[in-house]
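**Student:** Have a look at this one before I ask anything.
Read the figures in this text as sums done on the coordinates, not as results from a lab. Quick caveat: nothing in here was measured; it's all calculated off a predicted structure. Here the Cβ positions follow ideal geometry from the backbone for every residue, glycine too, while neighbour counts run over all protein chains shown.
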Amino acid sequence: MATRTLEFTFDEMRVNMGPQHPSTHGVFRGVLVLEGEEIKDLIPHIGYLHRGVEKLAEHLSYVQDVPIMARNDYLGPVHNELVMAHAVEKLANIQVPERAQYLRVMASELHRIASHLVWTGTFLLDMGGALGGGSTMFLYLFQARESIMDLYEEWTGARFHPNLVQIGGVRFDLPAGFDRKVKEALQTVRNTVNEVREMVEGNPVFEQRTRGVGVLSPELAQSIGCSGPVLRASGVAYDVRKAFPYDAYDKMDFEIVTATAGDVRARYEVRINEIFQAAHIVEQALEGLPEGPIGAKPPVKAPVAVKAPKGEVYFRVESARGELGAYLVSDGSHKPYRLKLRSPSFSNLQAIQHLVRGHKVADVVVILGSLDPVFGDVDR
Amino acid sequence: MSLPQDLIQAFGVEVNDQGIPYVPKDRLPDLARALKEKGFRFFVFVTAVDYREYLELVYLIRNLDTLEEAFFKVKIQDGETVPTLSTLYEGANWHEREVYDLFGVTFEGHPDLRRILLPEDWEGHPLRKDYPMDTPHPPYR
């Protein structure tokens, strides 16, 4: 009887992760190439939320495109409205009154706070129960975010998609007694974030799972086109609000928050500090708010009312995730000929492939979370 | 929205009357290499615009130290291929896949040119101007 030898080679194994997965922040599918527990490679699949916004925009007028854009990045709708409105204003040379500029700054910073609060909450949820019981932190931070949503509800009538920005200004002025409520909400946010920091930072589980995990070098970050907190956590002090100021940002006093480590912990730190910077900007905008009209006259209501001359323009704003750009080509009509959205999540998410190599499976969730992709924004 | 002056001369770039530089497509990788050496390391985006008779590829690369921007275009006919920049700029990888997916432009030398946003069996390229908007498309799910 012939002897048989059994040979085991530990081949690579492929594990599918997503698209439906509670911790992948939406619909992201990654095929993990594993050797044991170690990740050799990750093959990302995106597009599950592709709605063809760019094509849709070609068939709607400029006025209609502004609220449509808000549906892309649903955690920072105002930034998306803003980039579209700005692109049209720059092309059609429409001046925005000063009061509207301040209100725009205030609105986008409030949404930056809200978005970072959601991020911190979901990120800590991703870490699992190790940080004092699953969803505790998540609910704390969502409660704080709710105070900002309440502000929006009172200001614009809508919690989520405020439809605040319109071409030439903003649609709603502040209600009476609003500044007191803003200050209260900001105080709630600051208190909550400080409380969460106390609970989280220094926690050995948190530190071990974030320090040195998913290190992104500044060279690679730039080559990929990462922007926002992801880029700044790698030590590159690039912020659209400082580099190419728009609206009233040149009159605001704030710092570009950076960190040098480039790991998950650094990205956490940058976002947490940005919440405080954003709160500071909101207060300045409230204090310096000039009197005057909030929109260009006459107010734009009819869909065909705005026409942009033939030409093309690229405009960028700093969304909560980074450089959000709109490249707009106009043929002189009331519709865009072509609209390209340069979404920060799309570029940032590309880094995932480079970051997970050599880490364990459980780190994928943390690293993906740290990039803060919003899949409406990635897939457009 | 332009290119550094010395590169315009060195790479045979044609500048049209609106000041937009058009790069000959066979000089594109050399130009990108020269840009990268000059400090243009931040890849912003590449996209395409369909003008019916021809297509234009639009590139934007930025120098984050000086905040200079290199904005240039490549004009191609339908069916022409373009050299890839994804070997120089990591970020071009997904952006070029997106252009391939939505416009049907093939990038020569791209390591992984597949559809990215649409399903693999999708027919047609939706952002082209001749893509019908008023009929259902068969692989629709």
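**Student:** Please average, across the residues of B:36-42, the number of beta carbons from any other chain that are within 10 Å of each residue's own beta carbon, and give a whole number.
**Tutor:** On the way: counts 1, 0, 0, 0, 1, 7, 12.
Across the residues of B:36-42, the mean count of other-chain Cβ atoms within 10 Å is 3.
**Student:** Could you please rank A:Leu32, A:Leu164, placing first whichever residue has the fewest other Cβ atoms within 10 Å of its Cβ?
**Tutor:** Numbers: A:Leu32 18, A:Leu164 28.
Least to most surrounded, the residues fall as A:Leu32, A:Leu164.
**Student:** Could you work out how much longer the chain between A:Asn191 and A:Lys307 gets when fully extended? Use 0.36 nm per residue separation minus the Cα distance between them, nm to one decimal.
**Tutor:** That pair, A:Asn191 and A:Lys307, stretches by 37.1 nm at full extension.
**Student:** At A:Gln208 and B:Leu67, where each label point lies 7 Å from the Cα along Cα→Cβ, what is the point-to-point distance in nanometres?
**Tutor:** Going from the A:Gln208 label point to the B:Leu67 one covers 4.5 nm.
**Student:** What longest region of chain A stays clear of GluC sites (Glu not before Pro) that DSSP places outside H, G, I, E and B and that have at most 16 other Cβ atoms within 10 Å? Write down the numbers at each step before the final one.
**Tutor:** Details: sites that count: A:Glu7, A:Glu12, A:Glu37, A:Glu201, A:Glu255, A:Glu291.
Between exposed loop sites, the widest span is A:38-200.
**Student:** Hey, got a sec? Which trypsin sites (Lys or Arg not before Pro) in region B:25-88 land in a DSSP loop and have at most 10 other Cβ atoms within 10 Å?
**Tutor:** Passing both the DSSP loop test and the Cβ count: B:Arg52.
**Student:** Enter the angle in degrees (range 0 to 90, nearest 10) between the Cα long axis of helix A:136-156 and the first principal axis of the Cα atoms of chain A, meaning the one along which they spread out most.
**Tutor:** Between helix and principal axis, roughly 20 degrees.
**Student:** Go ahead and estimate [θ] at 222 nm for chain B from helices alone: -39,500 (n - 2.57) per DSSP H run with n ≥ 4, summed, over the residue count, rounded to 500.
**Tutor:** Theoretical 222 nm ellipticity from helices: -5500 deg cm²/dmol.
**Student:** So, one more: Using a 7 Å offset from Cα along Cα-Cβ at A:Met199, what residues in region A:135-158 end up with backbone N under 17 Å from the label point?
**Tutor:** Answer for this model: A:135-147.
**Student:** Which of A:Gly169, A:Gly332, A:Gly225 moves most in a GNM of chain A, Cα contacts under 10 Å?
**Tutor:** Result for chain A, Cα springs under 10 Å: A:Gly332 fluctuates most.
**Student:** Lysine pairs in region A:61-351 with Cα distance under 23 Å, only those 8 or more apart or on different chains: how many are there?
**Tutor:** 19
**Student:** I'd like the orientation of helix A:98-126 relative to chain A: the angle between its Cα long axis and the longest Cα principal axis, in ° from 0 to 90, rounded to 10.
**Tutor:** 20 degrees
**Student:** Here's another thing I want to ask about it. What 222 nm value per residue comes from the helices of chain A, counting each DSSP H run with n ≥ 4 as -39,500 (n - 2.57) and dividing by all residues, nearest 500 deg cm²/dmol? Present the calculation step by step, with values, prior to reporting the outcome.
**Tutor:** Values: 15 runs with 176 residues, N = 380.
Rounded to the nearest 500, the figure is -14500 deg cm²/dmol.
**Student:** From the backbone phi of region B:46-56, what are the Karplus-calculated ³J(HN,Hα) couplings (6.51 cos²θ - 1.76 cosθ + 1.60, θ = phi - 60°) in whole Hz, Gly and Pro given as x?
**Tutor:** 10, 8, 9, 10, 9, 9, 6, 7, 8, 10, 10
**Student:** Would you please give the FRET efficiency between A:Glu38 and A:Ser135, computed as 1/(1 + (r/R0)^6) with r the Cβ-Cβ distance and R0 = 22 Å, to the nearest 0.05?
**Tutor:** Computed FRET efficiency for A:Glu38 and A:Ser135 comes out at 0.15.
**Student:** Right, next: Hey, what did chain B get for relative contact order, percent, Cα under 8 Å, at least 6 apart?
**Tutor:** 19 percent
**Student:** So, one more: Compute the FRET efficiency between A:Glu154 and A:Glu287 as 1/(1 + (r/R0)^6), taking r as their Cβ-Cβ distance and R0 = 25 Å, and round to the nearest 0.05.
**Tutor:** The formula returns an efficiency of 0.80 here.
**Student:** Also: Amide H of B:Phe45 versus every other amide H placed in the peptide plane: which residues, excluding those fewer than 5 positions away on the same chain, fall under 5 Å?
**Tutor:** Amide H to amide H, under 5 Å and 5 or more residues apart or across chains, B:Phe45 pairs with B:Leu60.
**Student:** Starting with the fewest neighbours, write out A:Val329, A:Val205, B:Val99, B:Val13 ranked by other beta-carbon atoms found within 10 Å of each beta-carbon.
**Tutor:** The fewest-first ordering by Cβ neighbours comes to A:Val205, B:Val13, A:Val329, B:Val99.
**Student:** Then there is this: Counting only other chains, what is the mean number of Cβ atoms within 10 angstrom of the Cβ of each residue in peptide A:211-220?
**Tutor:** For this peptide, the per-residue mean of nearby foreign Cβ atoms is 1.
**Student:** Something else about it: Please give the average number of partner chain Cβ atoms lying within 10 Å of the Cβ of each residue in B:86-94, rounded to a whole number.
**Tutor:** 5
**Student:** Projected onto the charge dipole of the protein assembly as shown (+1 at Lys/Arg Cβ, -1 at Asp/Glu Cβ, origin at the Cα centre), which of B:Leu7, B:Tyr100, A:Val215 gives the Cα projection farthest towards the positive end?
**Tutor:** After comparing all options, I get B:Tyr100.
**Student:** Report, to two decimal places, the Cα Rg of chain A normalised by 2.2 N^0.38 Å (N = number of residues). Mind dumping the intermediate values first?
**Tutor:** On the way: Rg = 22.1 Å, N = 380, 2.2 N^0.38 = 21.0 Å.
Dividing the Cα radius of gyration by 2.2 N^0.38 Å gives 1.05.
**Student:** May I ask you to derive the FRET efficiency for B:Ser2 and A:Lys242 from their Cβ-Cβ distance with R0 = 22 Å, giving the value to the nearest 0.05?
**Tutor:** 0.45
**Student:** With θ set to phi - 60°, apply the Karplus curve 6.51 cos²θ - 1.76 cosθ + 1.60 along region A:271-282 and write out the HN-Hα couplings as whole Hz, x wherever there is a Gly or Pro.
**Tutor:** Ordered by residue, 3J(HN,Hα) equals 5, 4, 5, 5, 4, 5, 4, 5, 4, 4, 5, 4 Hz.
**Student:** Taking the simple approach of a point 7 Å from Cα along Cα-to-Cβ for both A:Asp250 and A:Glu219, what is their distance in nm?
**Tutor:** That separation, rounded to one decimal, is 3.6 nm.
**Student:** Evaluate the relative contact order of chain A (contact order divided by residue number), counting alpha-carbon pairs under 8 angstrom at least 6 apart; express in whole percent.
**Tutor:** Rounded, it is 26 percent for chain A.
**Student:** Let me ask something else about it. Where in chain B lies the longest segment free of GluC sites (Glu not before Pro) that are both loop residues by DSSP (not H, G, I, E, B) and have at most 12 other Cβ atoms within 10 Å? Could you put the intermediate results ahead of the total?
**Tutor:** On the way: sites that count: B:Glu53, B:Glu120, B:Glu123.
Counting at most 12 other Cβ atoms within 10 Å as exposed, the longest clean stretch of chain B is B:54-119.
**Student:** Taking the Cα centre of chain A as origin, sum charge times position over the Cβ atoms of Lys and Arg (+1) and Asp and Glu (-1), and report the length of that vector in debye to the nearest 20.
**Tutor:** For this selection, approximately 940 debye.
**Student:** So what J values fall out for region A:195-206 if you push phi through Karplus, 6.51 cos²θ - 1.76 cosθ + 1.60 with θ = phi - 60°, rounded to Hz, Gly and Pro as x?
**Tutor:** Taking θ as phi minus 60°, the curve returns 5, 5, 4, 4, 6, 8, 5, x, 4, x, 5, 4 Hz for region A:195-206.
**Student:** Each label point is 7 Å from the Cα along the Cα-to-Cβ direction; what then is the distance between the points at A:Asp331 and A:His161, in nm?
**Tutor:** Distance between the two pseudo-spin positions: 2.7 nm.
**Student:** Which chymotrypsin sites (Phe, Trp or Tyr not before Pro) in region B:1-108 pass both tests, a DSSP loop state and at most 15 other beta-carbon atoms within 10 Å?
**Tutor:** Sparse-neighbourhood loop chymotrypsin sites (Phe, Trp or Tyr not before Pro): B:Tyr51, B:Tyr54.
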